[in-house]
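Asks: Here's a structure for you.
The values are calculated or read from the model by the stated rules, or taken from the named source; none is laboratory data. No experiment lies behind these values; they were computed from the predicted model shown. Note that we place each Cβ from the backbone using ideal geometry, even for glycine, and neighbour counts take in every protein chain shown. Heavy atoms of the whole protein, side chains included, go into the accessibility calculation; ligands, DNA and RNA do not. Shrake-Rupley method; radii C 1.70, N 1.55, O 1.52, S 1.80 Å.
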Amino acid sequence: MHRISIDVPGAAHEVTVGFHLANLAAQALRRLAASRPIMVVSDSVGAGRHIDPLIEALKSAGVSAAVHLVPAGEAAKELGVLSTIYGALADDGIDREGVLVSLGGGCVGDVAGFAAATWMRGIRHVQMPTTLLAMVDSSIGGKTAINLPAGKNLVGAVHQPVAIFSDLEYLETLADAEFRSGLAEITKVALVADRSFVDWLSVNLVALLGRDKPAMLEAVRRAVAIKAGVVSRDPHETGERAILNYGHTVGHALERAAGFGRLRHGEAVAWGMEVAGRLSLSSGAGTPEAVRTQHALLQRAGLLANRPEVTRADLWQALRHDKKSQAGALRFVLLREIGRADYGCEVDPNLVWDTLAKVLSL
Ligand SMILES: NC(=O)c1ccc[n+]([C@@H]2O[C@H](COP(=O)([O-])OP(=O)(O)OC[C@H]3O[C@@H](n4cnc5c(N)ncnc54)[C@H](O)[C@@H]3O)[C@@H](O)[C@H]2O)c1
Ligand SMILES: [Zn+2]
């Protein structure tokens, strides 16, 4: 088991990464001394199967809990679903001393986290991620959001959780495609920040894909540690934290153009990284070695098997909507070399289109 601290000023907390953490989490939840039952939000299909052991552990620890289920996947991140969470919080009389636990992937964490951020102007939130992606990425950093028809993650808040418990045991039931989606974010964080982690991944990818326990523990520990460091130094993304958006300018646009929920977040990000990697090279910023290494890792992880089915027009429109594109210019995070990236780089739109056409066969 590992404990990694996230030293956000005024909101320091810890991530616990390990196996069979339900009892440990229950004890920590007991110490939070919530005024009312703890509200556990989960989804009804995937993550939901892990609720019972957690509720049992809470019972043994003498903590009462209420459960509220939301739809699985991106369908959870909607205004209507958010409003059902508010309804449940109201029904259970959760006040400012309340605690909300998100047990689920990034979608549950995002919508329930936003509910926690806004209920009575903010109650305590504990993240219990159940997907690889949520463990290494979305549970860390305090970003919460829902989608609107006009765009993904358009309404949100930064609200740091008080604790994060990443129980790798949950990953046993995760579908292969979801597991690979998490590998995209792991590959991303290694490429932008830590060359030795990229080397480790190149050697250990087969073990990781086979869900070897020590390999999963090491990969999640390292990815969490990198994100924790970046978030601690720049909690509000006024600078360095933007490197974590590598692959996301095109990734988000692909998710939107394909229709929310059609393409997994990590799959979209993997294609976005392919585009950003080539742009790094063609705009003179990157190295062929970095792009080759990235391509090999994504390919071996099975993330480039199916090209997203989107039209040029839809993708263009989606890119214009992206928060990172401003008045004509498209901004990218570019890879300088393995383990180092720059953010806020303006790239010639013609070059972007040529690259998109090549990478995505548009
Ligand atoms: N807040 C952030 O900083 C941040 C960062 C990255 C991504 N995100 C968001 O996260 C979302 C994607 O999250 P995700 O990839 O975790 O997807 P997800 O939450 O949709 O989960 C994927 C699927 O796996 C199922 N599932 C979850 N845990 C399971 C388990 N243990 N066993 C079996 N099935 C399980 C879910 O029911 C769902 O069908 C996107 O909306 C993305 O925008 C947020
Ligand atoms: Zn992401």
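Asks: Just the number please: accessible area per residue for the range 2-124, 1.4 Å probe, all protein chains included, in Å².
Replies: Details: 5200 Å² over 123 residues.
Ligands and nucleic acids excluded, the figure is 42 Å² per residue.
Asks: Using the alpha-carbon atoms, what tilt in degrees (0 to 90, nearest 10) does helix 265-282 show relative to the longest principal axis of the chain?
Replies: Its long axis makes an angle of about 30 degrees.
Asks: To the nearest 0.05, how large is the calculated FRET efficiency for residue 155 and residue 56 if R₀ is 30 Å and r is the Cβ-Cβ distance? The partial results should precede the final answer.
Replies: Values: r = 35 Å, r/R0 = 1.17.
With R0 = 30 Å, the Cβ-Cβ based efficiency is 0.30.
Asks: So, with a 1.4 angstrom probe, what is the percent of accessible area on the chain that is carbon and sulfur?
Replies: Percent of accessible area from carbon and sulfur atoms in the chain: 50.
Asks: Using amide H atoms built 1.01 Å from N in the peptide plane, name the residues 5+ places from residue 34, or on other chains, whose amide H lies under 5 Å from its own.
Replies: Distant-sequence amide H within range of residue 34: zero hits.
Asks: With N set to the residue count of the range 176-360, report its C-alpha Rg divided by 2.2 N^0.38 Å to two decimal places. Could you put the intermediate results ahead of the total?
Replies: On the way: Rg = 15.5 Å, N = 185, 2.2 N^0.38 = 16.0 Å.
Taking the Cα Rg and dividing by 2.2 N^0.38 Å, one obtains 0.97.
Asks: So how far apart, in nm, are the two label points at residue 287 and residue 307 if each is 7 Å from Cα heading toward Cβ?
Replies: 3.0 nm
Asks: Another one. Percentage of Cα-Cα pair distances in the chain greater than 34 Å, rounded to whole percent? Mind dumping the intermediate values first?
Replies: Values: 14371 of 65341 pairs.
When every Cα pair of the chain is considered, 22 percent fall beyond 34 Å.
Asks: With every protein chain kept in place and ligands, DNA and RNA left out, what is the accessible area per residue of the range 176-360? Probe 1.4 Å, answer in Å². Don't jump to the answer; show the numbers that get you there.
Replies: On the way: 7420 Å² over 185 residues.
For the range 176-360, the per-residue accessible area is 40 Å².
Asks: So which GluC sites (Glu not before Pro) in the range 63-105 end up in coil per DSSP with only 14 or fewer other C-beta atoms within 10 Å? Present the calculation step by step, with values, prior to reporting the outcome.
Replies: On the way: sites: 74, 78, 97; in loops: 78, 97.
When the GluC sites (Glu not before Pro) of the range 63-105 are filtered for loop state and at most 14 Cβ neighbours within 10 Å, 97 remain.
Asks: Place a label point 7 angstrom from the Cα of residue 7 along the Cα-to-Cβ direction, then list the residues of the range 127-165 whose backbone nitrogen is under 20 Å away.
Replies: 140-142, 160-164
Asks: So how tilted is helix 106-118 from the main axis of the chain? Cα-based, degrees 0 to 90, rounded to 10.
Replies: Computed tilt is about 60 degrees.
Asks: What is the Cα centroid distance between the range 205-242 and the range 1-79, reported in whole angstrom?
Replies: 20 Å
Asks: Given 0.36 nm per residue, what is the gain on full extension from residue 337 to residue 209 after removing their alpha carbon distance, in nm? Intermediate values should be presented prior to the final figure.
Replies: Numbers: separation 128, 0.36 × 128 = 46.08 nm, distance 2.53 nm.
That works out to 43.6 nm of additional length.
Asks: Okay, moving on. Return, ordered by residue number, the residues of the range 111-125 whose backbone nitrogen is under 16 Å from a label point located 7 Å along Cα→Cβ of residue 35.
Replies: Hits in the range 111-125 for residue 35 at 16 Å: 116-125.
Asks: Hey, another quick one. Could you give each residue of the range 337-347 its phi-based ³J(HN,Hα) in whole Hz, using Karplus coefficients 6.51, -1.76, 1.60 with θ = phi - 60°, and x for Gly or Pro?
Replies: Those phi angles translate into 7, 5, x, 8, 9, 10, 10, x, 7, 7, 10 Hz.
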